[in-house]
Amino acid sequence: MLYWEITVKKQWTYKHGEDTILVENTWFGEERLFVNGSLQGKRLSLCGTTLWGGLPTGEEVRASLGGVFAAQCFLFVGNKFLHPENCCYRWW
């Protein structure tokens, strides 16, 4: 893995009940969605994208990524928005 791929990644971690939802975004266009450590969605994109996944309970997970000057992540579980206070944001 190249050094620049490590240093320009943003990561959002959400807790929903007992489940952990992780969304990753790199400046060079790769987005990934993990639910409890399992890869649920992956896309290569230079602009906004939507990733889909599911919880063990059968609830649908949708992560919308985009932004003009900074990457933002909006997470929905079963069509309900998870508020940012449920998120641990990390950039490195």
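Computed from the coordinates by the stated procedures, all read-outs in this text should not be read as laboratory data. Keep in mind the model is a prediction, meaning the values are calculated, not measured. Here the Cβ positions follow ideal geometry from the backbone for every residue, glycine too, while neighbour counts run over all protein chains shown.
Note on E30 and K80: the model spin-label points, each 7 Å out from Cα along the C-beta direction, lie 3.4 nm apart. Were the residues from R43 through T20 laid out at 0.36 nm apart, the gain over their Cα-Cα distance would be 6.3 nm. Near the amide H of G48, within less than 5 Å, lie the amide hydrogens of G67, all on another chain or at least 5 residues away, with H placed in the peptide plane.
Residue-wise HN-Hα couplings along region 12-18, as the Karplus relation 6.51 cos²θ - 1.76 cosθ + 1.60 with θ = phi - 60° gives them from phi, are 10, 10, 10, 10, 10, x, 8 Hz; Gly and Pro carry x.
A cut-off of 5 Å between modelled amide H atoms, ignoring neighbours fewer than 5 places along the same chain, links L82 with L75, F76, V77. Electrostatic bookkeeping for G37 treats Lys and Arg as +1 and Asp and Glu as -1; over the other residues with beta carbon under 15 Å from its beta carbon, the sum is 0.
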